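The values are calculated or read from the model by the stated rules, or taken from the named source; none is laboratory data. No experiment lies behind these values; they were computed from the predicted model shown. No Cβ is skipped: glycine too gets one built from the backbone with ideal geometry, and neighbour counts run over all protein chains shown.
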Amino acid sequence: MANVTFTHPAIGSLQGRLTISVEEVAAILGLGRSAAYEAARRGQLPTRRLGRRIVVPVPLLLEWLGVTSSAA
């Protein structure tokens, strides 16, 4: 899959952040909270566990979405 370059307000808001919550990913992707956590549980979203928290590393999310770093 080729990298897609586009600007989206939600993607632009990630600039400078290292991680975001699963809830934030749900909002960006237009998913419900439960669906996002289920996708994270299944390994369909790039996540990391910090103690009891599940976070999504922004660089991995952008790569997963196929967004080039210049678009973020």
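Total residues in the stretch 1-58 satisfying the condition of being of a type in the set (Phe, Trp, Tyr) and at pLDDT below 95: the figure is 1. Here the stretch 17-72 is the region considered, the condition is being touching a residue at least 40 places away in the same chain (Cβ under 8 Å) and assigned to a loop (DSSP other than H, G, I, E, B), and the residue that is surrounded by the fewest Cβ atoms within 10 Å (Cβ to Cβ) is Leu18.
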